[in-house]
Amino acid sequence: MQLSPVTKPPPTVICYICGREFGSKSISIHEPQCLKKWHLENDKLPKNMQRPEPKKPEVRPIGAKGSYDIVAINEAAWQSAQSQLVACDICGRTFLSDRLLIHQRSCKPKKTK
């Protein structure tokens with residue numbers, strides 16, 4: 001029985017807005033659509049909960065050939081996506097701002113015994 005060679009999956013890139021992973025080719029299609037969706041959702045929020053537009057993290061090329069460190073790019077994008085989360089005033093959990101309103105409908109303060 002011959003074993004098939006282990007193939008490495010293609011590298012994925014993290015969206016700096018939503019934090020989801022995409023292929024290196026599809027991220028350029030996803031990001032403009034994700035930002036448009038972010039604006040639509042942000043505009044629906046009360047003024048006090050609206051957030052500033054997320055900025056794409058800047059990662060400088062490394063190496064003599066000007067190549068990019070995919071790990072550094074993904075780390076910066078993940079941190080950017082996490083910074084978009086808003087903490088619940090009641091329990092402290094973090095959510096995307098449009099999901100926070102839904103969460104707060106059912107979030108109750110913990111009862112002290």
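The values are calculated or read from the model by the stated rules, or taken from the named source; none is laboratory data. Every value quoted in this text rests on a predicted model; they were computed, and no experiment measured them. FYI the Cβ positions are ideal-geometry reconstructions off the backbone, even for glycines, and counts take in every protein chain you see.
Restricting to region 84-113, name every residue that is of a type in the set (K, R), surrounded by fewer than 10 Cβ atoms within 10 Å (Cβ to Cβ) and either modelled with pLDDT under 85 or within 26 Å of K56 (Cβ to Cβ) (or both).
K110, K111, K113
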So A81, is it modelled with pLDDT of 85 or more and more than 25 Å from K8 (Cα to Cα): yes
Number of positions in region 42-62 that are in contact with an Asp or Glu (Cβ under 8 Å, 6 or more places away or on another chain) and loosely packed, with under 15 Cβ neighbours inside 10 Å: 4
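Any residue that is small (G, A, S), in a helix (DSSP H, G or I) and touching a residue at least 60 places away in the same chain (Cβ under 8 Å) - is there at least one of those in region 82-97?
no
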From the list K8, K37, K65, pick out the single residue that is among the charged types (D, E, K, R), outside any strand (DSSP E or B) and either at pLDDT 90 or above or touching a Lys or Arg at 6+ places or on another chain (Cβ under 7 Å) (or both). K37
